[in-house]
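The structure appears right after this line, and notes come after that.
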Amino acid sequence: MEKGMLSADLEGLPEEDKHRMATLIDQLQIRDSLRMYNSLVERCFTDCVDTFYRKALTKQEDTCVRRCAEKFLKHSMRVGMRFAELNQGAGTQD
């Protein structure tokens, strides 16, 4: 959620409550980012790493992890963009 939208939506609240809401939203965004990162790591590791014979990834595992991460991030960006488009459309229907 953008801070500008937050300010407009919370206009009637006291400053202390506005600050609390902004802090809560920041915390939720951080939590969601960490969840996405953990999901990415778990999924790519599970899909790409087969053995534990070496400390470092094999070339094949490294390539797999890179491709997996790229796909995951591209997908997340597309979903985010689509969500923003839908959100904007819903806001203009009021």
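Structure data summary
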{"item": "For Thr63, solvent-accessible area (1.4 Å; no DNA, RNA or ligand), Å²", "result": "50"}
{"item": "Longest exposed-site-free window of the chain, the sites being chymotrypsin sites (Phe, Trp or Tyr not before Pro) in a DSSP loop that have at most 16 other C-beta atoms within 10 Å", "result": "1-51"}
{"item": "GNM flexibility winner over the chain from Glu11, Glu70, Glu42 (Cα, springs under 10 Å)", "result": "Glu11"}
{"item": "Counting all C-alpha pairs of segment 43-85, share separated by more than 12 Å (%)", "result": "63"}
{"item": "Accessible-area composition of the chain, carbon plus sulfur, in percent [1.4 Å probe]", "result": "57"}
{"item": "Accessible area of segment 50-94 divided out per residue, in Å², using a probe of 1.4 angstrom", "result": "99"}
{"item": "Gyration tensor (alpha-carbon) shape descriptor, the chain, a/c threshold 1.5", "result": "oblate"}
{"item": "MRE, 222 nm, helices only [DSSP H, n ≥ 4, -39500 (n - 2.57), over the chain, to nearest 500]", "result": "-28000 deg cm²/dmol"}
{"item": "Only Lys, Arg (+1) and Asp, Glu (-1) charged, at Cβ; the chain dipole about Cα centre in debye", "result": "760"}
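The values are calculated or read from the model by the stated rules, or taken from the named source; none is laboratory data. It should be emphasised that the depicted structure is a prediction, and the values quoted were computed from it without experimental measurement. Note that we place each Cβ from the backbone using ideal geometry, even for glycine, and neighbour counts take in every protein chain shown. Just the protein is used for accessible areas: all its heavy atoms, side chains included, with ligands, DNA and RNA removed. Shrake-Rupley method; radii C 1.70, N 1.55, O 1.52, S 1.80 Å.
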